[in-house]
Amino acid sequence: MADTITEPTTDTVLEVRNLRSGYGTVPVLNGITFDVRNEIFTILGSNGAGKTTLLATLARLIPVMDGSIHVQGQDVSNMPAYSTARLGVGYVPQESAVFPDLTIMENLSIGAMIGKRSTEERLEEVFDTFPDLRTKTHLRAGNLSGGESRMVACGRALMQDPQLLLLDEPTAGLSPLYVEQFFETIELIHKTRNVAVLLTEQNATKALGIADRVMVLSLGEGSEPLDAGDVTTERLKEAYKL
Ligand SMILES: Nc1ncnc2c1ncn2[C@@H]1O[C@H](COP(=O)(O)OP(=O)(O)O)[C@@H](O)[C@H]1O
Ligand SMILES: [Mg+2]
């Protein structure tokens, strides 16, 4: 399987080796190995495949049972989430990604507690990325639509000036118009900010459109990463173990 991965290259942001994690004593991930470079790396997998478990483990919210996680060459396997955030990991969870009782501005400002650049400069960049938020900063985040709420969550992660952005099914449940827009925005974020993006997705077609590489998560294991351009239906089926 993916254990035959080559040595990390100099632009490797994330190295995951034989990662096992789950809930209580029951593993969900049974030894996942892959690298993420400065690219858009997509993890595909059906419902229950372990995508959220993987991203939450990488964000250090779920304990590592075995194996290791390195961010920018540093072993973060046992680090708490706030330390990985300082190392440049921005995490946008699938659900409950905003503080509902805080305003948009307050939600975004929390992200600025990490790093040295001025809050104003970072806010300006976030509003350039998500123009819809600019005039709504005083609104309570709990009153926003699904799409707006996703923008705030992503904006807050960007306020941390991340090197690696973890996006858990960023377009799940959004209306088709928002889905298109959000994928375009993710591509823009990657290109203009020079940030590596690791995203999970159930819909292969949409995700392949922006991804550089793709890995399929199935039965607790990850397929060999494929170049998105080389993906065929046959190879996907094989990766999904269909
Ligand atoms: N908090 C939890 N406690 C116990 N099992 C969980 C928990 N969250 C998820 N699981 C189980 O872990 C497996 C993977 O779930 P998840 O990572 O959410 O998959 P995905 O995000 O790909 O839909 C599923 O079998 C799910 O039932
Ligand atoms: Mg999930």
**Request:** Measure nothing fancy, just the Cα-based angle from helix 119-129's long axis to the longest principal axis of the chain, in degrees from 0 to 90, nearest 10.
**Result:** 70
**Message:** Take the residue pairs Lys116/Lys191; Lys116/Lys206; Lys51/Lys206 and return only those whose Cα atoms are more than 26 Å apart.
**Reply:** Lys116/Lys206
**Complete:** The ³J(HN,Hα) series, computed from each phi in region 180-185 with the Karplus coefficients 6.51, -1.76 and 1.60 at θ = phi - 60°, rounded to the nearest Hz and given as x for glycine or proline, is 4, 4, 5, 5, 4, 5
**Prompt:** Within region 2-239, what percent of beta bridges assigned by DSSP are antiparallel, to the nearest 5?
**Reply:** 55
**Complete:** The summed charge of the Arg117 Cβ neighbourhood (under 13 Å; Lys/Arg +1, Asp/Glu -1) stands at -2
**Item:** Largest to smallest principal axis extent of the C-alpha atoms in the chain, angstrom
**Value:** 49, 37, 36
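Bear in mind these aren't lab numbers, they're just calculated from the coordinates by the rules spelled out. Note that the coordinates shown come from a computational prediction; the quantities given were computed from them, not determined experimentally. Heads up, the Cβs are rebuilt from the backbone with ideal geometry, glycines too, and the neighbour counts pull from every protein chain shown.
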